[in-house]
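Following: one structure in structure tokens, then a few remarks.
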Amino acid sequence: MSRALATALPLILVLAACTTSEVLEPSAMVGPSPTPPTASVVTPPATTAPLPGAGGTVAAINTNARIQIAPIVGSTVEAVTPLTERFAIRARERGIGLAGSADPATTHVLKGYFSAIAEGQGTTVIYVWDVLDPAGNRLHRIQGQQKAEGNAGWQSVQPATMQAIADATIDQLATWLAGSAG
């Protein structure tokens, strides 16, 4: 890991506890909340769905989870738009329900913290997602990094980079949800 990245990672984790008024509200991309499920709802068995652009299939999980995506801290609107669009597609493929910010059926909140660090000839996008219960208690953390060409920070980050982050995040979230059910 490069020195710049090693120096920036602790800073990002410290910033994760901060709040700001300049955050992005991805839950605006979620349509109106459906009627909350009743006890007579039957969850369909796991199925497979094609993974866009990958030529493979992924298993949908059997979950009643409804995830609200909290405002994303540290990214630009231009960078986060393809992330949230892909996130919605992949969540649906994996059988994960998304909830709006005022949805009373929300079971988990996903809060993201992002940073783009220019180093050498590239930019590294570092991301941390906290999976919270509705009361704000952290239940799980998803983190990683993705390389982008160009060293102009967020200006270098292409939609494909953010879509790859969405893919990795949904896959890790689905794995965790499947393991924590029951």
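Roughly speaking, what is the stretch gain from R92 to Q121, that is 0.36 nm per residue apart minus the C-alpha to C-alpha distance, in nm to one decimal?
6.9 nm
Within the range 136-156, name every residue whose backbone N is under 12 Å away from a label modeled 7 Å from Cα of T76 along the Cβ vector.
Under cut-off, by backbone N: 151-156.
Rounded, prolate or oblate, given the Cα gyration tensor of the range 68-182, with a/c below 1.5 counting as rounded?
On the way: a/c = 1.99, a/b = 1.96, b/c = 1.02.
In terms of gyration-tensor shape, prolate.
Coordinate-derived values only; no laboratory data. In this text, all values refer to a predicted model and were calculated from it rather than measured experimentally. Backbone-built Cβ (ideal geometry, glycine too); neighbour counts: all protein chains shown.
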